[in-house]
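See structure below.
The values are calculated or read from the model by the stated rules, or taken from the named source; none is laboratory data. Only a predicted model underlies this, so the values are computations on that prediction, with no experimental measurement involved. Note that we place each Cβ from the backbone using ideal geometry, even for glycine, and neighbour counts take in every protein chain shown.
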Amino acid sequence: MYQAIRPSSSRFLTLRQQRYHVRSWGEYRPGMVPLVLVHGWMDVSASFQFVVDALQGERFVIAPDWRGFGLTRPQGAGPDPTDYGPVDHYVSPAEYLADLDFLLDALDAELGRDSGSAIDLVGHSMGGNVALVYGGVRPQRVRRLVNLEGFGLPATRPAQAARRYASWIDQLKALERGELALQQYDSLEGVAQRLIKTNPRLDVAKARWLAQHWAAQNESGRWQILGDAAHKVVSALLYRADETQAIWRCITAPTLSVEASDDSLARWFKQGEYNLDEFHQRLTAVPDCRRARVEDAGHMLHHDQPTAVARLIEDFLA
């Protein structure tokens, strides 16, 4: 199994009725700018361990488990770590923005920093989308911004709204019936093999290390992915690419957008629905944005090439 070079410490904060799990690396000293890492969909904060291990400089690093992922669950939830509460709820993407803002408030108070002090923010995939929007919503709180494979979604049209609402309701009913439940595994090794199946570049040692953070035993003794099945429900609201770009125009932090050599969008969407060229055009809305590419890597580029990703982050933050 992979051996962490810089082991993390864990603690829990109460934020917006959630018992938020926060992972940290390093020691904070006055004057430091905290580096905040936010993970993607169906992922966990421990996912950044390999990149943190590859950092050369001394940094104080914070990474939360988003609500309904990892060890973050509603306040007062029962002993089963895979129980995230009622199955009839839907998590709006806007909730992540509020959670991040509340987390930074708590961080400022804990570290004795002035309220609203700036941080360096790195987000992967869904976390990258959140980070970009947060950079426009709270521009004064972000000193440097790094987006790892956060592409947003295909643009939508108002005519799609009726069908989207209907789909949302239908999926809520499917969730209630247990039809969207996350897969379970007989062993931790089975979880590791699932990670390798999703990402063939992931070596066995790293997969086994990630598996113990990515899943937990439920009350029946089986290993279950640490994620709320409610996250599988489609958003009730259409994705407004024009609205997102308008928010991005408010970003004041220098921004770095990093892509993997594998084209994730070509695998996720039908030809002509959404592609890298359209994403690059959208990025022109960010006032100060640079782009970088990591070779021999897929969507989980922070697992595939952690050293290359760490170098890009550190060079940019410097």
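When you go through 2, 20, 28 one by one, which is the residue that is surrounded by 17 or more Cβ atoms within 10 Å (Cβ to Cβ) and in a loop (DSSP other than H, G, I, E, B)? Steps first, please.
Numbers: 2 fails: surrounded by 17 or more Cβ atoms within 10 Å (Cβ to Cβ); 20 fails: in a loop (DSSP other than H, G, I, E, B).
That would be 28, the only listed residue that is surrounded by 17 or more Cβ atoms within 10 Å (Cβ to Cβ) and in a loop (DSSP other than H, G, I, E, B).
Looking at region 303-318, which of its residues are among the charged types (D, E, K, R), surrounded by fewer than 20 Cβ atoms within 10 Å (Cβ to Cβ) and within 20 Å of residue 201 (Cα to Cα)?
311
If residue 172 passes every condition in (1) surrounded by fewer than 18 Cβ atoms within 10 Å (Cβ to Cβ); (2) modelled with pLDDT under 95 but one, which one does it miss?
Result: residue 172 passes all but (1).
Being hydrophobic (A, V, I, L, M, F, W, C) and surrounded by fewer than 18 Cβ atoms within 10 Å (Cβ to Cβ) is the filter; apply it to region 197-215 and report the residue that is nearest to residue 48 (Cα to Cα). If you could, list the steps in order and put the result at the bottom.
Here is the first cut: in region 197-215, the residues hydrophobic (A, V, I, L, M, F, W, C) are 202, 204-205, 207, 209-211, 214-215.
Going one step further and asking which of them are surrounded by fewer than 18 Cβ atoms within 10 Å (Cβ to Cβ), we end up with 204-205.
Values: 204: 17, 205: 15 Å.
That would be 205.
Given the structure, is residue 50 out of contact with any Leu (no Cβ under 7 Å at 6 or more places or on another chain), under 25 Å from residue 4 (Cα atoms) and of a type in the set (Phe, Trp, Tyr)? Walk me through how you get there before you give the answer.
Working: out of contact with any Leu (no Cβ under 7 Å at 6 or more places or on another chain): yes; under 25 Å from residue 4 (Cα atoms): yes; of a type in the set (Phe, Trp, Tyr): yes.
Answer is yes for this residue.
Restricting to region 10-40, count the residues that are in contact (Cβ under 8 Å) with a residue 60 or more places away in the chain and either farther than 15 Å from residue 99 by Cα or touching a strand residue (DSSP E or B) at 6+ places or on another chain (Cβ under 8 Å) (or both).
Within region 10-40, the first condition is being in contact (Cβ under 8 Å) with a residue 60 or more places away in the chain, and the residues that meet it are 10, 13-16, 18, 20, 22, 28, 30, 33-40.
After this cut, where a residue has to be either farther than 15 Å from residue 99 by Cα or touching a strand residue (DSSP E or B) at 6+ places or on another chain (Cβ under 8 Å) (or both) as well, the list is 10, 13-14, 18, 20, 22, 28, 30, 33-40.
The total comes to 16.
For region 31-53, give me the residue count where each residue is aliphatic (A, V, I, L, M), touching a Lys or Arg at 6+ places or on another chain (Cβ under 8 Å) and either within 17 Å of residue 207 (Cα to Cα) or surrounded by fewer than 24 Cβ atoms within 10 Å (Cβ to Cβ) (or both).
First, the residues of region 31-53 that are aliphatic (A, V, I, L, M): 32-33, 35-38, 42, 44, 46, 51-52.
Still in the running and touching a Lys or Arg at 6+ places or on another chain (Cβ under 8 Å): 32-33, 35, 46, 52.
So of that shortlist, the ones also either within 17 Å of residue 207 (Cα to Cα) or surrounded by fewer than 24 Cβ atoms within 10 Å (Cβ to Cβ) (or both) come out as 32-33, 46, 52.
The number of residues fulfilling the criteria is 4.
Output the qualifying pairs, or none if there are none: Cβ atoms under 8 angstrom, residues six or more apart or on different chains, first residue in region 115-133 and over 19 Å from residue 49 (Cβ atoms), second residue aromatic (Phe, Trp, Tyr) and part of a loop (DSSP other than H, G, I, E, B).
Listed pairs, sorted by first residue: 129/151.
Kindly provide the set of residues from region 36-74 that are in contact with a helix residue (DSSP H, G or I) (Cβ under 7 Å, 6 or more places away or on another chain), part of a loop (DSSP other than H, G, I, E, B) and β-branched (Val, Ile, Thr), ordered by number.
The one that is in contact with a helix residue (DSSP H, G or I) (Cβ under 7 Å, 6 or more places away or on another chain), part of a loop (DSSP other than H, G, I, E, B) and β-branched (Val, Ile, Thr): 44.
Going residue by residue through region 263-273, is there one that turns out to be of a type in the set (Asp, Glu), in contact with a strand residue (DSSP E or B) (Cβ under 9 Å, 6 or more places away or on another chain) and closer than 17 Å to residue 126 by Cα? Even if it seems obvious, please write down each step before you answer.
We begin by selecting, within region 263-273, every residue of a type in the set (Asp, Glu); these are 263, 273.
Those still in the list that are in contact with a strand residue (DSSP E or B) (Cβ under 9 Å, 6 or more places away or on another chain) too: none.
No, that holds for no residue.
Restricting to region 239-251, what's the tally of residues that are farther than 20 Å from residue 124 by Cα and in contact with a helix residue (DSSP H, G or I) (Cβ under 6 Å, 6 or more places away or on another chain)?
Qualifying residue count, region 239-251: 1.
Only one residue in 114, 88 is modelled with pLDDT under 95, in a loop (DSSP other than H, G, I, E, B) and either within 15 Å of residue 231 (Cα to Cα) or of a type in the set (Asp, Glu) (or both). Which one? Don't jump to the end; show me each part of the working.
Working: 114 fails: modelled with pLDDT under 95.
After ruling out the rest, the residue left standing is 88.
Name every residue in region 90-118 that is of a type in the set (A, V, I, L, M, F, W, C), in contact with a Lys or Arg (Cβ under 9 Å, 6 or more places away or on another chain) and surrounded by fewer than 22 Cβ atoms within 10 Å (Cβ to Cβ), in order of residue number. Can you show your working first?
Restricting attention to region 90-118, the residues satisfying the condition of being of a type in the set (A, V, I, L, M, F, W, C) are 91, 94, 97-98, 100, 102-104, 106-107, 109, 111, 118.
Filter once more, so that each one left must be in contact with a Lys or Arg (Cβ under 9 Å, 6 or more places away or on another chain): 91, 97-98, 100, 102, 104, 107, 118.
Within region 90-118, 91, 97, 98, 102, 107, 118 qualify.
Based on what the data block shows, is residue 182 touching a residue at least 24 places away in the same chain (Cβ under 8 Å), touching a Phe, Trp or Tyr at 6+ places or on another chain (Cβ under 9 Å) and of a type in the set (A, V, I, L, M, F, W, C)? Full working, then the answer.
Values: touching a residue at least 24 places away in the same chain (Cβ under 8 Å): yes; touching a Phe, Trp or Tyr at 6+ places or on another chain (Cβ under 9 Å): no; of a type in the set (A, V, I, L, M, F, W, C): yes.
When the stated conditions are applied, residue 182 does not pass them.
Okay, residues lined up against (1) assigned to a strand (DSSP E or B); (2) more than 26 Å from residue 310 (Cα to Cα); (3) touching an Asp or Glu at 6+ places or on another chain (Cβ under 7 Å); (4) not hydrophobic (A, V, I, L, M, F, W, C):
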{"site": "76", "(1), (2), (3), (4)": "no, yes, no, yes"}
{"site": "96", "(1), (2), (3), (4)": "no, no, no, yes"}
{"site": "106", "(1), (2), (3), (4)": "no, yes, no, no"}
{"site": "110", "(1), (2), (3), (4)": "no, yes, no, yes"}
{"site": "120", "(1), (2), (3), (4)": "yes, no, no, yes"}
{"site": "145", "(1), (2), (3), (4)": "yes, no, no, no"}
{"site": "152", "(1), (2), (3), (4)": "no, no, no, yes"}
